[in-house]
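Below: one structure, written as structure tokens.
The values are calculated or read from the model by the stated rules, or taken from the named source; none is laboratory data. For clarity, every value in this text was computed on a predicted model and none was experimentally measured. Every residue, glycine as well, gets a Cβ built from its backbone with ideal geometry; the counts of neighbours run over all protein chains shown. Surface accessibility is based on the protein's heavy atoms, side chains included, excluding ligands, DNA and RNA. Shrake-Rupley method; radii C 1.70, N 1.55, O 1.52, S 1.80 Å.
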Amino acid sequence: MQDPEVYDVITALFAGASEAPARGDWMARRQQSEGFYSAMFNTHFGHVDGLCEDMAVSQPEEADLTCRVITPANGDVRRIIAYFHGGGFMGGSVDSHEAWCRWLARETNSQIVLVGYRLAPDVSAPIPQEDAYRAAVWIAKRNQASASPLPFVL
């Protein structure tokens with residue numbers, strides 16, 4: 001049995017979706033995932049004001065990672081939250097999860113660091129997990145180097 005409210009939301013999210021991608025078509029699945037997350041978060045959270053800055057996390061002998069740092073518009077930051085977007089390490093992105101993270105920043109008075117780790121099938125395990133770890137270390141070091149370190153949540 002399905003909850004009617006949940007069913008209606010899911011139906012609306014997939015209203016314009018084409019058929020499921022062919023088996024093994026990871027790029028089509030990634031695009032579908034991107035559209036799903038963007039539609040879901042933008043529908044529920046819309047655009048929330050705040051400061052947003054993309055920062056590069058340099059990695060030795062690897063491509064830089066992008067971390068999107070979101071600070072609430074009121075500037076009242078009480079903690080830093082590292083946010084690793086959903087998508088099973090093959091979908092989702094800093095773009096598709098930005099609306100949710102802007103809302104989260106405002107509602108929790110937190111600076112959200114949205115981590116853009118690399119995705120399968122472009123890379124395989126454990127690379128996305130190592131990217132997430134490197135980003136967490138970068139966030140912690142950046143926080144500790146600040147004049148007033150804040151509580152840091154993973």
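With mean projected area of the Cα convex hull in nm² as the read-out, I listed [x] 9.6; [y] 11.9; [z] 10.9; which label goes with the value calculated from this structure?
Answer by label: [z].
Looking only at region 105-119, which residues have a backbone nitrogen under 17 Å from a spot 7 Å from the Cα of Leu150 in the C-beta direction?
Once the point is set 7 Å along Cα→Cβ of Leu150, 105-115 turn out to lie under 17 Å by backbone N, inside region 105-119.
For region 51-85, which GluC sites (Glu not before Pro) are in a loop by DSSP, counting at most 12 other Cβ atoms within 10 Å?
Taking region 51-85 and a limit of 12 other Cβ atoms within 10 Å, the loop GluC sites (Glu not before Pro) found are Glu61.
Quantify, in whole percent, the carbon and sulfur part of the accessible surface of the chain (1.4 Å probe; protein heavy atoms only).
Carbon and sulfur: 55 percent of the exposed surface of the chain.
Please sort 66-76, 98-108 by packing, taking for each peptide the average over its residues of neighbouring beta carbons within 10 angstrom, highest first.
98-108, 66-76
Remind me, relative contact order of the chain in percent, using alpha carbon pairs under 8 angstrom and six or more residues apart?
23 percent
Between Ala125 and Ala140, 0.36 nm times their residue separation minus their Cα-Cα distance comes to what?
3.1 nm
Based only on the alpha carbon positions, what is the Kirkwood hydrodynamic radius of region 82-149, in angstrom?
Computed over region 82-149, the radius equals 12.9 Å.
Could you check the simple spin-label distance between Trp26 and Arg78, using points 7 Å along Cα→Cβ, in nm with one decimal?
Distance between label points: 4.1 nm.
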